[in-house]
Amino acid sequence: MGLSDEAKAAAKKQLEFYFSDSNLPRDAFLTEQVDAPGSGGYVDLALLCTFSRMRMHLGLRDGIKASAVPQDVLQELAEVLKGSSTLTVKEDGLAVKRTQALNPDDVSTEAIDKRSLYAVPFPHDATLDAMTAAFATVAPVQSLRMRRHLQTKDFRGSVFVEFESEEVAQRVMKERIEFAGAVLQLQPKLQYIRRKKEGASAPAAETAAAKDTAAESGAADAAAPAATTGDTSTEPRADTPADAAPPAREPASEAAADAAQAGGNQYELAKGCCVSITTDGADKVHFGTLRDALGGSKAGIKFLSLNKGATDGFMRFGNPEDAQAALALAPEGVMQVQGHPVKLALMTGADEEAILEAAV
């Protein structure tokens, strides 16, 4: 019978998000596939079809292996992806890649944060799609992250929403946006993080939303089907396909994947996972060269922010052990990257809290 036009459009958006600036740098498994020797940046389309959100869009059974994805489905996807402005389909129609390589300056934490806003209040049962639709009435949304409590994963009633540019984010701030009868309070994400780092109390609206959430038993969104990337406004993809070996040091449970896609995080954001970076500002030292120096995709890095020419940045690892392994590569706190000294130090206190807060 073939895929419906709706299914094709949803799958196309999903795949574009997987490879987007907002998601790919955060997605350890997919990055490993893109960087695989001899891949040329291409990732098998059948493998991508085994990810949970793609299975949902395509009507494929849970646990399906890449080898079992119907060929007619792959052919239809390859055809619809020819109309993508961000993805390129391989000549044989069996693999896909980004049309343009990642620009380190565009995907750094600083660049993303500058074009992101903090928004509150939302009711505890708000869905990612509904919140995205509210913002989409004023500007296209790149991604939307539902902020959750570290331990319970309950929705905090606030989000971080990313737009195409800092200028667009500033324009959105001037708009009056309502959700469930409440006017949203908006502020730049960097301003919010700075306020949190300085120890200021949360806005009353967020406090009320958090209390409402805490009063509920369980986390409705965390228990719901994965809420990632049916559109361009979603959480990073964190599900591992059924027939793929999990990347080193990473859990591959489908339950954890679905929780991550519902706005949680696949990896436990424990303390002792954040490492500060200090450089001499050399252009040769940036997130790509540092990542390679630390072991590439096997190093357990979940997020790394370091612009070209910047003198400071940070890394967040999946667990404290990986963070310590990286620090061990820097005797007396210093390692050489491209012939330049790079200082690494474990982050603690308010600095660490700010990083973990931004990641939730």
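The values are calculated or read from the model by the stated rules, or taken from the named source; none is laboratory data. It should be emphasised that the depicted structure is a prediction, and the values quoted were computed from it without experimental measurement. Because the Cβ atoms are built from the backbone with ideal geometry, glycine has one as well, and the counts that use them run over all protein chains shown. Each accessible area value is taken on the protein alone, full model and side chains, heavy atoms only, with ligands, DNA and RNA left out. Shrake-Rupley method; radii C 1.70, N 1.55, O 1.52, S 1.80 Å.
Odds and ends about this structure:
- Count of residues meeting criterion [closer than 23 Å to HIS124 by Cβ and open to solvent by 80 Å² or more (accessible area, probe 1.4 Å)] in segment 181-197: 1
- Subset of segment 145-155 [farther than 19 Å from PHE19 by Cα and in contact (Cβ under 8 Å) with a residue 60 or more places away in the chain]: MET146, ARG147, ARG148, HIS149, LEU150, THR152, LYS153, ASP154, PHE155
- Out of LEU3, LEU30, LEU47, one residue alone is of a type in the set (A, V, I, L, M) and closer than 26 Å to ILE112 by Cβ. It is LEU30.
- First in segment 174-195 and on the phi > 0 side of the Ramachandran plot, second anywhere and of a type in the set (Phe, Trp, Tyr), Cβ under 8 Å, 6 or more apart: ALA180/PHE122
- Answer from ALA36, ALA9 - the residue that is among the aliphatic types (A, V, I, L, M), open to solvent by 20 Å² or more (accessible area, probe 1.4 Å) and either modelled with pLDDT of 90 or more or in contact with a Pro (Cβ under 9 Å, 6 or more places away or on another chain) (or both): ALA9
- A residue that is surrounded by 14 or more Cβ atoms within 10 Å (Cβ to Cβ), under 15 Å from GLN14 (Cβ atoms) and modelled with pLDDT of 95 or more cannot be found anywhere in segment 59-66.
- Residue pairs meeting the criteria (Cβ under 9 Å; at least 6 apart or on separate chains; first among the charged types (D, E, K, R), in segment 313-331; second assigned to a helix (DSSP H, G or I)): ARG316/ALA323; ARG316/ILE355; ARG316/LEU356; ARG316/ALA359; ASP322/ALA299
- Number of the condition not met by VAL120 [criteria: (1) among the β-branched types (Val, Ile, Thr); (2) at pLDDT 90 or above; (3) open to solvent by less than 20 Å² (accessible area, probe 1.4 Å); (4) within 24 Å of GLU32 (Cβ to Cβ)]: (4)
- Options GLU178, GLU164; residue that is at pLDDT 90 or above, open to solvent by 70 Å² or more (accessible area, probe 1.4 Å) and touching a helix residue (DSSP H, G or I) at 6+ places or on another chain (Cβ under 8 Å): GLU178
- Each residue in segment 1-60 was checked for being assigned to a loop (DSSP other than H, G, I, E, B), within 18 Å of the chain's Cα centre (by Cα) and among the hydrophobic types (A, V, I, L, M, F, W, C), and 2 pass.
- Residues (at pLDDT 90 or above and either over 14 Å from VAL275 (Cα atoms) or in contact with a strand residue (DSSP E or B) (Cβ under 6 Å, 6 or more places away or on another chain) (or both)) located in segment 308-325: ALA323
- Residue in segment 132-144 that is farther than 23 Å from LEU24 by Cβ, open to solvent by less than 60 Å² (accessible area, probe 1.4 Å) and either part of a strand (DSSP E or B) or without any contact (Cβ under 8 Å) to a residue 24 or more places away in the chain (or both) present: yes
- Taking each residue of segment 271-292 that is touching a residue at least 40 places away in the same chain (Cβ under 8 Å) and crowded, with 16+ Cβ neighbours inside 10 Å and looking for partners that are polar (S, T, N, Q) and in a strand (DSSP E or B) with beta-carbon atoms closer than 8 Å, six or more apart or interchain, yields VAL285/THR279; PHE287/SER305.
- Matching option when the condition is free of Cβ contacts under 8 Å to residues at least 24 places away in the same chain, of a type in the set (Val, Ile, Thr) and either under 18 Å from GLN33 (Cα atoms) or in contact with a Ser or Thr (Cβ under 8 Å, 6 or more places away or on another chain) (or both), among THR86, THR99: THR99
- Hey, ALA126 in a helix (DSSP H, G or I) and either of a type in the set (S, T, N, Q) or open to solvent by less than 60 Å² (accessible area, probe 1.4 Å) (or both) or not: no
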